[in-house]
Amino acid sequence: MKTAITALLSFVLAVFLCIALPIAGEEKIYEGVVRLHVLANSDTAEDQNLKIEIRDFVLSSYGEMLTDVKNAQEAQAYLQENLSAIQRDVEEFLKSKGKNTPVTVTLEEERFHTRAYENVTLPAGTYTSLTVQIGAGKGQNWWCVLYPALCTQGAMGEKVAQDAFKEEEYSFVTKSGYAVKFRTLEILETIFG
């Protein structure tokens with residue numbers, strides 16, 4: 001009886017792990033993407049509007065510059081080299097709006113939930129992120145894919161997504177059936193931290 005229970009538990013654990021473990025190719029997505037994350041100071045209408053203005057400013061000032069890089073590593077290197085300039089530019093932008101709110105710009109590894117864009121679903125996982133925190137960063141946030149350029153204006157079309165990812169990655173991020181598996185990973189992370 002004890003052996004049967006142990007065998008059953010082992011089988012259930014094995015099935016559970018097969019469902020929860022990353023799908024082949026998922027790691028390539030994490031390594032091939034740089035995300036933009038803008039955290040608003042608070043949830044007031046004014047702070048939320050300012051968050052969108054800063055998002056647009058960062059995308060127009062730096063997003064287009066990343067279209068010429070060859071891979072995510074080059075994008076990360078460019079952003080790392082320009083972190084102080086990005087921060088300075090965002091601070092100057094805030095001052096031009098009459099705001100003296102502190103801002104912090106970092107390039108860091110950050111955990112994201114599964115995110116579905118128009119025709120691309122990115123799995124939950126840890127991605128490199130250009131993070132712009134406005135003030136306390138306690139408000140609703142906004143995020144997108146900075147590299148490849150999937151969040152610049154007009155860049156969410158299917159052609160852009162096809163060009164941005166290798167063939168196997170494109171088929172991976174455009175298959176809607178994967179979202180359930182990604183959700184399983186999010187649930188596991190919530191349970192086990």
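Numerical summary
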| quantity | calculated |
| --- | --- |
| Net charge of neighbours whose Cβ lies under 12 Å from the Cβ of Glu91, counting Lys and Arg as +1 and Asp and Glu as -1 | +2 |
| Inter-probe distance in nm under a simple model that places probes 7 Å from Cα toward Cβ, at Glu53 and Gln73 | 4.0 |
| Summed residue charge, Cβ within 10 Å of Tyr147's Cβ, Lys/Arg positive, Asp/Glu negative | 0 |
| Cross-link pairs Lys70/Lys138; Lys70/Lys95; Lys97/Lys138 - those with Cα-Cα distance over 28 Å | Lys70/Lys138; Lys70/Lys95 |
| Overall form of segment 87-140 per C-alpha gyration tensor (a/c, 1.5; a/b vs b/c) | prolate |
| Residue exposure sequence - Tyr127, Tyr62 - by fewest surrounding Cβ within 10 Å | Tyr62, Tyr127 |
| Order of Leu150, Leu107 under a 10 Å beta carbon neighbour criterion, fewest first | Leu107, Leu150 |
| Burial ordering of Ser60, Ser129, Ser42, fewest other beta-carbon atoms within 10 Å first | Ser60, Ser42, Ser129 |
| Gyration tensor (alpha-carbon) shape descriptor, segment 36-132, a/c threshold 1.5 | oblate |
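Just so you know, all these numbers are worked out from the coordinates, no wet-lab data involved. Just so it is clear, the model here is predicted, and its values are computed rather than measured. Please note: Cβ atoms are built from the backbone with ideal geometry, for glycine as well, and neighbour counts cover all protein chains shown.
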